[in-house]
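Derivation of every value follows stated rules applied to the coordinates shown; laboratory data play no part. In this text, all values refer to a predicted model and were calculated from it rather than measured experimentally. Reconstructed Cβ throughout: ideal geometry from the backbone, glycine too, with neighbour counts over all protein chains shown.
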Amino acid sequence: MHKTVYYLTHQDTGQRLRYYKSLAGARIAQRARNRLLGFRRRIQRVESFDNWEVEQCELQDGTIVTATWVIEQGHVEQEDVS
């Protein structure tokens, strides 16, 4: 049985940090990690290629950039325990 999960993934390297069972949990982690990297003001969330959800953020000089950590939808195998 497949279960949908949401990976917190580094945009440039593709390294997956961990996975979350809910999209809400992944979004909280994404915002926290991007904020620590200096992406203070999120403008919008955008769905991108490869099932990624990215944050578009505004830098202090007004430039709009894509933040480093993205959410990637994936699937894991789960045993059916009945």
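Tabulated data
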| quantity | calculated |
| --- | --- |
| Search result, residues across region 44-82 that are touching an Asp or Glu at 6+ places or on another chain (Cβ under 9 Å) and of a type in the set (G, A, S) | A67 |
| Complete set of residues in region 39-71 that are part of a loop (DSSP other than H, G, I, E, B), among the polar types (S, T, N, Q) and either in contact with a Cys (Cβ under 8 Å, 6 or more places away or on another chain) or closer than 14 Å to A29 by Cα (or both) | T68 |
| Answer residue from region 22-39, given it is farther than 12 Å from T68 by Cα and in contact (Cβ under 8 Å) with a residue 12 or more places away in the chain and is surrounded by the most Cβ atoms within 10 Å (Cβ to Cβ) among those | A26 |
| Output for region 19-44, where each listed residue is of a type in the set (K, R) and over 10 Å from the mean Cα position of the chain (by Cα) | K21, R35, R40, R41, R42 |
